[in-house]
Amino acid sequence: MTVLEQDMEINMESLTTEKLMQDMRVVVADAEDLLKATAGQTGERIEKIRARTEESLRTARNRLQVAGKAVQEKATQAAHTVDDQVKENPWTAVGIAAAAGLVLGILLGRR
């Protein structure tokens with residue numbers, strides 16, 4: 001696998017994970033808003049549901065923090081790996097960048 005392929009694979013995985021994390025943040029925010037909106041309602045059933053929802057939100061927040069740190073560490077590691085590869089093979093990196101630029105230019109030029 002070339003450096004460019006590794007970088008693209010890492011970027012796609014990172015984008016997918018980041019999108020999932022963003023979606024989870026929206027769900028957590030919506031659940032918090034729902035809890036605030038139902039704060040005035042009482043009853044044993046409502047209290048049980050609120051308690052369960054609050055626990056789920058705490059768990060989701062913790063998981064988001066852990067996942068965010070893991071994504072950041074992976075991205076940093078990938079950046080270091082690519083940097084090392086470019087330093088070891090500068091002309092290969094220049095060639096790959098030129099080829100990618102050429103392909104991108106052709107694709108954009110057709111529009």
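Some points to look at:
- Residue-normalised accessible area of the stretch 56-105, given per residue in Å² at a 1.4 Å probe: 75 Å²
- The chain - Debye-derived log10 I(q)/I(0), Cα point model, q = 0.21 Å⁻¹: -1.10
- Residue-averaged [θ]222 nm for the chain, counting only DSSP H segments that reach four residues, each worth -39500 (n - 2.57): -33000 deg cm²/dmol
- Length available on full extension from K48 to L107: 0.36 nm per residue minus the Cα-Cα distance, which gives 15.6 nm.
- Cα-centred dipole magnitude for the chain, charges only on beta-carbon of K, R (+1) and D, E (-1), debye, nearest 20: 400 debye
- Relative contact order %, the chain, counting alpha carbon pairs below 8 Å whose residues are six or more apart: 42 percent
- log10 of Debye I(q)/I(0), alpha-carbon scatterers only, for the stretch 67-111 at 0.19, 0.22 Å⁻¹: -0.72, -0.76
- FRET efficiency estimate (nearest 0.05) - Cβ-Cβ, H80 to A100, R0 30 angstrom: 0.90
- Compared with the dominant principal axis of the Cα atoms in the chain, helix 44-88 is inclined by about 10°.
- Tensor-based shape of the stretch 47-94 (alpha-carbon gyration tensor, a/c under 1.5 rounded, otherwise prolate or oblate): prolate
The values are calculated or read from the model by the stated rules, or taken from the named source; none is laboratory data. Bear in mind that the values here come from a model prediction, so they are computed numbers and not experimental data. A quick note on method: Cβ atoms are made from the backbone with ideal geometry, for glycine too, and the neighbour counts reach across all protein chains shown. To get the accessible areas, we keep the full protein, side chains included, count just its heavy atoms, and leave off ligands, DNA and RNA. Shrake-Rupley method; radii C 1.70, N 1.55, O 1.52, S 1.80 Å.
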